[in-house]
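Structure, as structure tokens:
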Amino acid sequence: MNKLLWLVGVAGALTLTACASSGHKASSSAPAGGSTSQAPVSSASSGESESSAAESSSGGSAGPAKVSIATTEKGKVLAGPTGHALYTYDPDTAKTSACVDQCATAWPPLIGTPAAGKGVEEGELGTITRSDGTMQVTYDGHPLYYFATDKDAEDVYGDGVAGVWHVAKADSGAAKSSSGGGKGY
């Protein structure tokens, strides 16, 4: 258990460094090519996880990105097509993602055409155009992201990171989380 907490702490510190990088307005440095709405994958294929994360923030638009409700230790949260938890980022606005470059590697955006899954209403979903031209899925006006450190579907390690990342919860709006943070815009 202590080793897991240590790993989460190290991942959090690295993520803070990535998200604190200068120039949050630059375009993604991920290679161009096909993209996918599926970011984190199971720990059994960690090599694929890195390529999926890079692809999810690359040019173009992906196919359907189904957003559903999943149950985790944080309660009912929004989950992407892979079943992994989705997150919101306080510096974002309803029209702009502030997480680009290294930040988007640690926090891959949910890219694609939004599709409502179990427990989610189609009208709550939308998109924004990221600085690299990809379409990022939003929930209630909040851009959605995965956390690259979440390897299993039930993982919610990103909730509360740096006080600005929050697991997206459908029952209380995407702007609120179990960590008590959030920003309504």
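The values are calculated or read from the model by the stated rules, or taken from the named source; none is laboratory data. What you see is a predicted model, and the numbers here were worked out from it, not measured in a lab. Cβ: placed from backbone, ideal geometry, glycine included. Neighbour counts: every protein chain shown.
Looking at (1) at positive phi; (2) modelled with pLDDT of 95 or more; (3) part of a loop (DSSP other than H, G, I, E, B), find the lone condition where Gly180 falls short.
The one condition Gly180 does not meet is (2).
Filter the range 86-116 down to the residues that are hydroxyl-bearing (Ser, Thr, Tyr) and more than 9 Å from the chain's Cα centre (by Cα), then identify the one that is surrounded by the fewest Cβ atoms within 10 Å (Cβ to Cβ).
If we filter the range 86-116 for residues that are hydroxyl-bearing (Ser, Thr, Tyr), which is where we start, we get 87-89, 93, 96-97, 105, 113.
With more than 9 Å from the chain's Cα centre (by Cα) added as a condition, the list becomes 93, 96-97, 105, 113.
Working: Thr93: 13, Thr96: 15, Ser97: 26, Thr105: 20, Thr113: 15.
Checked the range 86-116; the qualifying residue surrounded by the fewest Cβ atoms within 10 Å (Cβ to Cβ) is Thr93.
Looking only at residues in the range 123-163 that are of a type in the set (Val, Ile, Thr) and either more than 13 Å from the chain's Cα centre (by Cα) or more than 19 Å from Lys74 (Cα to Cα) (or both), which one is surrounded by the most Cβ atoms within 10 Å (Cβ to Cβ)?
Among them, the one singled out is Val137.
Tally time: how many residues in the range 101-119 are in contact with a Pro (Cβ under 9 Å, 6 or more places away or on another chain) and among the hydrophobic types (A, V, I, L, M, F, W, C)? Please lay out each step first, then the result.
Taking the range 101-119 and keeping what is in contact with a Pro (Cβ under 9 Å, 6 or more places away or on another chain), we get 108-110, 112-115, 117.
Restricting the remaining residues to those that are among the hydrophobic types (A, V, I, L, M, F, W, C) gives 110, 115.
Number satisfying all stated conditions: 2.
Consider the range 128-162. How many of its residues are over 15 Å from Cys99 (Cα atoms) and not acidic (Asp, Glu)? Quick ask: steps written out before the conclusion?
Our first condition is that a residue be over 15 Å from Cys99 (Cα atoms); within the range 128-162, this holds for 139-141, 149-157, 159-160.
Pick out the ones that are also not acidic (Asp, Glu) and you get 139, 141, 149, 151, 153, 156-157, 160.
The number of residues fulfilling the criteria is 8.
Only one of (1) over 16 Å from Thr88 (Cα atoms); (2) outside any strand (DSSP E or B); (3) touching a residue at least 24 places away in the same chain (Cβ under 8 Å) is not met by Asp159, so which one is it?
So the condition that Asp159 fails would be (1).
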